[in-house]
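Asker: Take a look at the following structure, please.
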Amino acid sequence: MKRYVLGKVVFAIPLLIIITFLAFGLNHLSPVEPAEAVLHAQGVPEITKELIAETREKLGMNDPFLFRYGSWLLDCLRLDFGSSYVTGLPVWSQLGPAFLNTLKLTLVSMAAIVGLSIALGVGSALREGRLLDKGIRGAAFLLTSMPPYWLATLMIWYFSVKLDLLPTSGMDAWQSYILPVAIITISYAGIYFRVIRSSMLGNLNEDYVLYARANGLLELLVTKHILRNSLQVAVSVFGMAIPVILGSTVVVENLFAWPGLGSLSVRAILSRDYPVIQAYVLILAVTFVFFNTLSDIVNAAMNPKARMDR
Amino acid sequence: MKLLSIMRRDKWAAVCFTFLSAVIAAGIFAPWFAPHPPEEVHMELRFAGASWTYWLGNDHLGRCVLSRLIYGIRPSVLWVLAALSASVAIGAFAGFAAGYFRGKTDVLLMRLCDVMLSFPGYVMTLAVIGIMGPGLEHILIAFVLMKWAWFARIIRTSVLQYSNSDYVRFSKMLGLPGVSIMIRHLLPVTLPDILVVSSSSFGSMILQISGFSFLGLGIQAPNAEWGMMLNEARSVMFSKPELMLAPGIAIVLVVSAVNFLSDSFQRMLDPRLMSSRPIRLKQGFSISTRLKEREVA
Amino acid sequence: MKDLVVSKLRIWDSRSGAALVEDSSFTVKAGKCLAIVGESGSGKSLTCRAIMRLNKAGLRQSGDIWLGDIKLTALTEKEIRRIRGTKLCLILQNGMRAFDPSSTIGSSVRETLAWHYGWSRSEMIGKMAKAMTAVKLDDYLRILNSYPHQLSGGMLQRMMIALAIVLEPEVVIADEPTTALDTVSQFEVLQQFALLRERLGCTMVFVSHDLGCVKKLADEVLIMKNGVIVEKGAASDIFHAPRHDYTRYLVTAKTSVNQHFRRLMGGDSFVFH
């Protein structure tokens, strides 16, 4: 177990280095000269060669690449991601709160997804082939084939405009959570419920279930055993889901004007605000690696087979 | 032809297949199918309802919705298919190399795949768009770059399974060159697996790419694209919600046809799924990667 | 002790309507061991599970099954559940998969015993310890605290036998209990079955396709093919004077393989009869 954890952590280190390198290199891969981009973003009317050279000097872009990478990395560790080209404010002052808002949305959605997909997965597995199973699977199939943004627009139109029940945008009250969370939950629960279902069915056909029944155990107890084994798969799956959702709330946030990372990143991309894009990529990629490593470790700890090689 | 026999046994799969073929044909031959040029503006016909000349009505610039829908097949379906094929081709190349030659090639390629799969796909796509600027071609490039590793992984597993079989070993023993063994013996048997993995990600790719266009990060005006059409319709959704319907339904139909077809491929090619016994999910890895592939929102 | 009577058992797939076991009737006299022999897919396991009413949801069964004066096929789900484990005990082929992989053996066993008898923890451990030493699982505390994957198939098989000893059923149904084992463990497990019968005096239904095992344990043999009983009779008759072609084929195939094997090994020390 110790070796396993160590291996995972050691694998994460080169990954983090590659990520930081990529994030830093973003600027240099761009077809537009960064200094020019800064001037564009600041809305300077006439961009001359001298002005570009001056900006380059000011931004320290004439120093050697590795030197700049190193000092950038050190700054990042102190959460200093530079200043936005557009607003001139420190990036973290925008990104920090946005990250928190996205995290809130993700965690609430995650709770809904876990609850819903376990309920649906267990329900449809225990009623395999019956009406309930067919109904759930059909609905899940249809909902996962719908573009989430389309569904979201239709829901806004119906619940917010026609019925005037829920706010269309922002995050002012708890009601603001309902629609965004519903959209994210619908998009993902349809997928994750399938995993739970097939894992349940796999376990239902196992010999240990037959043996437990042959020993006269109550169906409730048998189901408890099945659940316990099926949910092991679920833990690793849901562990993986947190970073995936964190990184893909973009559409929902933009639709509902949620002041999170998704809205911020799209705005930054459209205005070519490189420091913001850079920091966004960096933070999400690091979070992603962190959660991946964590869910691998948790999974190994839960699965007795992996525990064996202690 | 395995495909034909699948179609004969599964009526719904046949319907989906025919529908998708028709959509693809309509996209390729869009100029013949579309009743009007897709970018022809008629300000006097703004928001006109359905009529005999304009079957699905006109949009906010008086353009023919049906024609835009048909031309929209090109970026929304055909280009996605092209990107998928490119990604699968790279993945197959790497997967075959790793699975057949083993040893150092395998270790190197799989480590690379591990690294690629450790990145959040959606964020990386945004990063690429961030560097290169909005545009459909940038999104497609980002997709090809991000997805190949996943295909490589699955295809490698499939190749490994078959390259241990006796007839492949026998061919190796006879001294046949590796490339010809791969093409003659390995490709035909791994093709079903490749078909299943690629078809299963086709649907989610269509959704994601139209999502980017919906955000304005994809194809640029005045080109027709389904996500883009929905974006344009969104700004008038309070007064003309019916404009949301046609492109939305088009996406839902295509994606569900793709997903249905993919599911029935999987059922047919994997006999374990035919019986009530479902696939046994043994390793956490395969599921987690499979799920990573299914990012939607 | 009571006889186990199966009459006109029919099992079919409710979806396709295909019959899997057709018009199967037999009786196991109290305290005797019946072996059901046949290829895989001949309906042996289905018959066993039908006795316990444990076939999968897609399968239906008709016909009557009696255990003494209890009509098993007429019991409610709740009543049959009380019978399972206490009066009817099932022993499965693959010990490795017969226990919940994420619980310790001890907790699985405890659950069963607590449900049927409501014994205290120490009482249970005492009884299990006795039964486990009887089946040569001496290190019982360690085994009870192990997870299934930490033990061997043979040990888990004997664990199931030990549980049967504690449950003291009237009928033990063993579904290919030796198939998944290597020859040495096979031998040990077979011995344990013989001892189990001596100890409990229980009726036994023993499913196998290995005629060697059958010869060692069975009083009576039932040969099944494609869901139909093709021959039944006393074990000695079946082995020495098989009447049905299929039985003859099975017996001669077995002996010819054995003879070939013996010739190769240069003696008969390896094959037990």
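Asker: Please enumerate the residues belonging to the stretch C:92-119 that are within 29 Å of C:Lys44 (Cβ to Cβ), more than 7 Å from chain A (Cβ to nearest Cβ) and either touching a His at 6+ places or on another chain (Cβ under 8 Å) or open to solvent by 10 Å² or more (accessible area, probe 1.4 Å) (or both).
Answerer: C:Gln93, C:Met96, C:Ser108
Asker: Take the conditions within 30 Å of C:Val251 (Cα to Cα), buried (at least 18 other Cβ atoms within 10 Å of the Cβ) and more than 10 Å from every other protein chain (Cβ to nearest Cβ) and apply them to C:Leu34. Does it pass?
Answerer: Against the criterion (within 30 Å of C:Val251 (Cα to Cα), buried (at least 18 other Cβ atoms within 10 Å of the Cβ) and more than 10 Å from every other protein chain (Cβ to nearest Cβ)), C:Leu34 qualifies.
Asker: Counting only residues that are of a type outside the set (Ser, Thr, Tyr) and under 27 Å from the mean Cα position of the chain (by Cα), which one in the stretch A:60-78 is most open to solvent (accessible area, probe 1.4 Å)?
Answerer: Residues of the stretch A:60-78 of a type outside the set (Ser, Thr, Tyr): A:60-68, A:70, A:72-78.
Those still in the list that are under 27 Å from the mean Cα position of the chain (by Cα) too: A:72-78.
Values: A:Trp72: 32, A:Leu73: 52, A:Leu74: 107, A:Asp75: 48, A:Cys76: 13, A:Leu77: 136, A:Arg78: 170 Å².
Taking the candidates together, the pick is A:Arg78.
Asker: Return a yes/no flag: does the stretch B:68-89 have any residue that is without any contact (Cβ under 8 Å) to a residue 60 or more places away in the chain, more than 22 Å from B:Leu253 (Cα to Cα) and of a type in the set (A, V, I, L, M, F, W, C).
Answerer: Yes, because at least one residue in the stretch B:68-89 is without any contact (Cβ under 8 Å) to a residue 60 or more places away in the chain, more than 22 Å from B:Leu253 (Cα to Cα) and of a type in the set (A, V, I, L, M, F, W, C).
Asker: What is the number of the single condition among (1) open to solvent by 40 Å² or more (accessible area, probe 1.4 Å); (2) more than 27 Å from A:Ser248 (Cβ to Cβ) that B:Asn223 does not meet?
Answerer: (2)
Asker: Only one of (1) over 25 Å from C:Pro177 (Cβ atoms); (2) touching an Asp or Glu at 6+ places or on another chain (Cβ under 7 Å) is not met by C:Ala98, so which one is it?
Answerer: (1)
Asker: Being in contact with a Lys or Arg (Cβ under 9 Å, 6 or more places away or on another chain), touching a residue at least 24 places away in the same chain (Cβ under 8 Å) and surrounded by 21 or more Cβ atoms within 10 Å (Cβ to Cβ) is true for just one of C:Gly68, C:Gly58, C:Gly63, C:Gly43. Which residue is that?
Answerer: The match here is C:Gly43.
Asker: Restricting to helices (runs of 4 or more DSSP H) lying wholly in the stretch A:211-270: which have 1 or more residues that are within 14 Å of chain C (Cβ to nearest Cβ), under 30 Å from C:Tyr117 (Cβ atoms) and among the basic types (Lys, Arg)?
Answerer: So the answer is A:219-247.
Asker: Additional query: Suppose we keep only residues that are part of a helix (DSSP H, G or I) and of a type in the set (Ser, Thr, Tyr) within the stretch A:119-155. Which one would you say is surrounded by the most Cβ atoms within 10 Å (Cβ to Cβ)?
Answerer: A:Tyr149
Asker: Right, another one. Looking at (1) more than 9 Å from chain A (Cβ to nearest Cβ); (2) open to solvent by 20 Å² or more (accessible area, probe 1.4 Å); (3) at pLDDT 85 or above, which one does B:Asp270 not meet, given that it meets all the others?
Answerer: (3)
Asker: Restricting attention to the stretch A:124-143, which residues are away from every other protein chain (no Cβ under 11 Å) and closer than 10 Å to A:Ile196 by Cα?
Answerer: The one that is away from every other protein chain (no Cβ under 11 Å) and closer than 10 Å to A:Ile196 by Cα: A:Ser124.
Asker: Now for a separate question. Give just the number: which of (1) in contact with a Pro (Cβ under 9 Å, 6 or more places away or on another chain); (2) assigned to a loop (DSSP other than H, G, I, E, B) does C:Arg97 not satisfy?
Answerer: Single failed check for C:Arg97: (2).
Asker: Determine which member of the set C:Ser103, C:Ser108 is under 21 Å from A:Val209 (Cα atoms), without any contact (Cβ under 8 Å) to a residue 12 or more places away in the chain and touching a helix residue (DSSP H, G or I) at 6+ places or on another chain (Cβ under 8 Å).
Answerer: After ruling out the rest, the residue left standing is C:Ser108.
Asker: Show the residue pairs meeting these rules: Cβ distance below 9 Å; 6+ apart or different chains; first residue within the stretch A:92-108 and farther than 15 Å from A:Met171 by Cα; second residue surrounded by 15 or more Cβ atoms within 10 Å (Cβ to Cβ) and of a type in the set (Phe, Trp, Tyr).
Answerer: What qualifies is A:Trp92/A:Phe81; A:Leu95/A:Phe81; A:Leu95/A:Tyr280.
Asker: Then there is this: Quick check: anything in the stretch C:63-73 outside any helix (DSSP H, G or I), on the phi < 0 side of the Ramachandran plot and among the β-branched types (Val, Ile, Thr)?
Answerer: yes
Asker: If B:Ser239 meets every condition in (1) modelled with pLDDT under 85; (2) of a type in the set (Ser, Thr, Tyr); (3) in a helix (DSSP H, G or I) apart from one, which number is that one?
Answerer: (3)
Asker: Right, next: Are any residues in the stretch C:11-37 over 23 Å from C:Lys87 (Cα atoms) and without any contact (Cβ under 8 Å) to a residue 60 or more places away in the chain, and if so, which ones?
Answerer: Correct list: C:Trp12, C:Asp13, C:Ser14, C:Arg15, C:Ser16, C:Gly17, C:Ala18.
Asker: If you scan the stretch B:126-179, which residues turn out to be at negative phi, more than 13 Å from chain A (Cβ to nearest Cβ) and part of a loop (DSSP other than H, G, I, E, B)?
Answerer: B:Asn164, B:Ser165, B:Leu174, B:Leu176, B:Pro177
Asker: Out of (1) of a type outside the set (A, V, I, L, M); (2) open to solvent by 30 Å² or more (accessible area, probe 1.4 Å); (3) within 22 Å of B:Leu117 (Cβ to Cβ); (4) more than 8 Å from chain B (Cβ to nearest Cβ), what's the single condition that is false for A:Asn299?
Answerer: Here A:Asn299 clears every test but (4).
Asker: I need the full set of residues from the stretch B:135-148 which are open to solvent by less than 40 Å² (accessible area, probe 1.4 Å) and farther than 30 Å from B:Gln161 by Cα, in order please.
Answerer: B:Gly135, B:Leu136, B:His138, B:Ile139, B:Leu140, B:Ala142
Asker: Inspect the stretch C:80-91 for any residue being part of a loop (DSSP other than H, G, I, E, B), among the hydrophobic types (A, V, I, L, M, F, W, C), within 16 Å of the chain's Cα centre (by Cα) and within 13 Å of another protein chain (Cβ to nearest Cβ) and give the result as yes or no.
Answerer: Looking through the stretch C:80-91, none of the residues is part of a loop (DSSP other than H, G, I, E, B), among the hydrophobic types (A, V, I, L, M, F, W, C), within 16 Å of the chain's Cα centre (by Cα) and within 13 Å of another protein chain (Cβ to nearest Cβ).
Asker: Return the residues of the stretch C:137-169 that are free of Cβ contacts under 8 Å to residues at least 24 places away in the same chain and either in a loop (DSSP other than H, G, I, E, B) or open to solvent by less than 10 Å² (accessible area, probe 1.4 Å) (or both); say none if nothing qualifies.
Answerer: Hits for the stretch C:137-169 are C:Asp138, C:Asp139.
Asker: Now for a different question. Quick check on the stretch B:69-110: of everything there that is basic (Lys, Arg) and in a helix (DSSP H, G or I), which residue is surrounded by the fewest Cβ atoms within 10 Å (Cβ to Cβ)?
Answerer: The extreme case among them is B:Lys104.
Asker: Now for a different question. Among residues belonging to the stretch A:156-175 that are open to solvent by less than 40 Å² (accessible area, probe 1.4 Å) and closer than 17 Å to B:Glu242 by Cα, point out the one that is farthest from the other protein chains (Cβ to nearest Cβ).
Answerer: A:Ser160
Asker: Can B:Phe119 be described as free of Cβ contacts under 8 Å to residues at least 40 places away in the same chain, within 22 Å of B:Ile206 (Cα to Cα) and open to solvent by 80 Å² or more (accessible area, probe 1.4 Å)?
Answerer: No.
Asker: Any residue at all in the stretch A:176-184 that's over 24 Å from the mean Cα position of the chain (by Cα) and assigned to a helix (DSSP H, G or I)?
Answerer: There is no residue in the stretch A:176-184 that is over 24 Å from the mean Cα position of the chain (by Cα) and assigned to a helix (DSSP H, G or I).
Asker: Another question, if that's okay. Over 22 Å from A:Asp273 (Cβ atoms) and open to solvent by 30 Å² or more (accessible area, probe 1.4 Å): does that describe A:Leu100?
Answerer: The answer is no for A:Leu100.
Asker: Continuing with this model, one more query. Looking at the stretch A:271-286 only, could you name the residues that are open to solvent by less than 40 Å² (accessible area, probe 1.4 Å), more than 8 Å from chain B (Cβ to nearest Cβ) and within 12 Å of the chain's Cα centre (by Cα)?
Answerer: Listed by number, the list holds a single entry, A:Ile283.
The values are calculated or read from the model by the stated rules, or taken from the named source; none is laboratory data. On a predicted model such as this, the values are computed, not experimentally measured, just so you know. Don't worry about glycine lacking a Cβ; one is built from the backbone with ideal geometry, like all the others, and counts go over all protein chains shown. Accessible surface is based on the protein model in full, side chains and every heavy atom, while ligands, DNA and RNA are left aside. Shrake-Rupley method; radii C 1.70, N 1.55, O 1.52, S 1.80 Å.
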